[in-house]
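**Student:** Once you've had a glance at the structure underneath, I'll fire off some questions.
The values are calculated or read from the model by the stated rules, or taken from the named source; none is laboratory data. All figures in this text were calculated on a predicted structure; none of them were measured in a lab. Cβ sites come from the backbone with ideal geometry, for glycine too, and all protein chains shown count toward neighbours. What goes into the accessible areas is simple: the full protein's heavy atoms, side chains included, and nothing from ligands, DNA or RNA. Shrake-Rupley method; radii C 1.70, N 1.55, O 1.52, S 1.80 Å.
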Amino acid sequence: MKTAKFVGENIVEIVEKPMPHAQKGEIVVKVAYCGLCGSEKRIVRSGFDTCTPGHEICGTVYECGSDPAPFEVGAPVLIYLSNYCGECPACREGNTSQCENRKGLVGWHFDGGYAEYVKVPEHMVYSLKTLPLKYGVLVLDTIGTAFHGLRLGDIKKGQSVCVLGCGPIGLGCVGILKDYYGIEELYAADTSAYHLKIANELGAETILIDPADTGLSLANGLGKKVDTIIEVVGADATIAASLKCIKAGGKVVLIGEPEKALHVVRSADWVLKDFSLINSWYFPTREIDENLEFSIKHQDTLKTIATHYFPIEKMTEAYRTFCSGETGKVLIDLNA
């Protein structure tokens, strides 16, 4: 079967690997789509030989190793990121994203979805219900990770909210804030005019950020301090800007995944005001049904965010396009 190999220097080669077969407790999924993620940019640059990458995966059930099978062959499904244990205190409380005995992440520690087929433990596979496969990937990072952060931020209608960083997860935040929470005073800030065009289509007032002075351009664009800032970049400058522009008593939710350690400076412009700093990572499985319900109801939002589809043979071009800042969500189409 065809699989992708990140060889470094921003090059992705397509190589052949043996097709996987399901043992008891495993499922082989025929991959339909796998989404590019900003967290992979560093391994496209450096190369990656741990396993086949790709962690945002949807497809159809090809083979089940258990009898009785938990799914019918051909059923549309998505694959959860984490091989959680299901038995630790976090898992028993439904917080599978915080599993204390995690056995790895698909596409990072064992073979992922940049391939025609992928094999995973059956507890990582969830039904897509009536959502079309072409939008299935977005239920994961784009909607799921975004929604989890917003839940932690305890968003309320009537608040002023700014999303700082409008890549796919940031755009997911914008869509959820408008469609689910009904936020009317909604701002979206980014250095990319293309990202902001999509954010505006989703209902946000947009702010073009000058990377030479993130804090000043955000403050000038907002013209005020806001109740909640959703930081979806993961950089020192954007976190500092968020802390500068949050109201006293407000909340800053950190969703952006940093490539290196961050340094938060407790500076004079915010040390005298109370606010909450909330860290958010991935979503637990107990949130999947609600994420799916939102996605099924708001497919127009998903269609707006998913801007580019590439066949697996054009993955180098897909990453080059993605890294240009001129895309929304980019997906590899294994049906092409």
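**Student:** Number of Lys-Lys pairs in the range 232-336 under 14 Å by Cα, sequence gap 8 or more or different chains?
**Tutor:** Number of lysine pairs found: 4.
**Student:** Specify whether the C-alpha gyration tensor of the chain places it in the rounded, prolate or oblate class, a ≥ b ≥ c being the square roots of the eigenvalues: rounded for a/c under 1.5, otherwise prolate if a/b is larger than b/c and oblate if not.
**Tutor:** Values: a/c = 1.84, a/b = 1.59, b/c = 1.16.
Prolate is the answer for the chain, as a/c is 1.5 or above and a/b outweighs b/c.
**Student:** List, in order, the whole-Hz ³J(HN,Hα) value for each residue of the range 164-176 obtained from phi through the Karplus relation with A = 6.51, B = -1.76, C = 1.60 and θ = phi - 60°; use x for Gly and Pro.
**Tutor:** My calculation for the range 164-176 gives 9, x, 10, x, x, 5, x, 5, x, 4, 4, x, 5 Hz in order.
**Student:** Counting Lys +1, Arg +1, Asp -1, Glu -1, what net charge surrounds Y282 among other residues with beta carbon under 13 Å of its beta carbon? Write out the running numbers ahead of the final one.
**Tutor:** Details: positive: R102, R151, R286; negative: E56, D141, E257, E287.
Result for the neighbourhood of Y282: -1.
**Student:** Taking the Cβ of P70 as the center, what net charge do the other residues with Cβ under 13 Å away carry, scoring Lys and Arg +1 and Asp and Glu -1?
**Tutor:** -4
**Student:** Give the accessible surface of the range 1-152 per residue, rounded to a whole number of Å², with probe radius 1.4 Å and ligands, DNA and RNA excluded.
**Tutor:** 41 Å²
**Student:** Another question about this same structure. Once you place label points 7 Å from the Cα toward the Cβ at A69 and D213, how far apart are they in nm?
**Tutor:** Modelled inter-label distance: 6.2 nm.
**Student:** Just order 272-278, 221-227 by mean Cβ neighbour count inside 10 Å, highest at the front, would you?
**Tutor:** Details: 272-278: 13.3, 221-227: 15.9.
Descending mean neighbour count gives 221-227, 272-278.
**Student:** Using a 1.4 Å probe, what is the accessible area per residue for the range 215-279, in Å²? Can you show the working numbers first?
**Tutor:** Values: 3300 Å² over 65 residues.
Dividing the accessible area of the range 215-279 by its residue count gives 51 Å².
**Student:** Let me know the number of lysine pairs in the range 86-185 closer than 28 Å at the Cα, not counting same-chain pairs under 8 apart.
**Tutor:** Count of close lysine pairs: 8.
**Student:** Relative contact order for the range 225-336: what percent, with Cα pairs under 8 Å and sequence separation of 6 or more?
**Tutor:** About 20 percent, as a whole number.
**Student:** Here is a follow-up. Across the range 202-260, what fraction of all alpha-carbon pairs, as a whole percent, falls in each successive 10 Å bin from zero upward?
**Tutor:** 24, 56, 20, 0
**Student:** Moving on to the next point. Where both partners of a DSSP beta bridge lie in the chain, what percent of those bridges are antiparallel, to the nearest 5?
**Tutor:** 50 percent
**Student:** Would you mind telling me the share, in percent, of accessible area of the chain contributed by carbon and sulfur at probe 1.4 angstrom?
**Tutor:** Values: 6970 of 14370 Å².
On the chain, the fraction of accessible area on carbon and sulfur atoms equals 49 percent.
**Student:** What are the ³J(HN,Hα) values, in whole Hz, obtained from phi via the Karplus relation 6.51 cos²θ - 1.76 cosθ + 1.60 with θ = phi - 60°, for each residue of the range 284-294 in sequence order, with x given for Gly and Pro?
**Tutor:** The phi angles translate into x, 5, 5, 9, 4, 4, 5, 4, 5, 4, 4 Hz.
**Student:** Report the local net charge at K260: Lys and Arg +1, Asp and Glu -1, summed over other residues whose C-beta lies under 14 Å from its C-beta.
**Tutor:** 0
**Student:** Want the number for V265 to W281: 0.36 nm per residue separation, take away the alpha-carbon distance, what's left?
**Tutor:** Stretched out fully, the V265 to W281 stretch lengthens by 3.6 nm.
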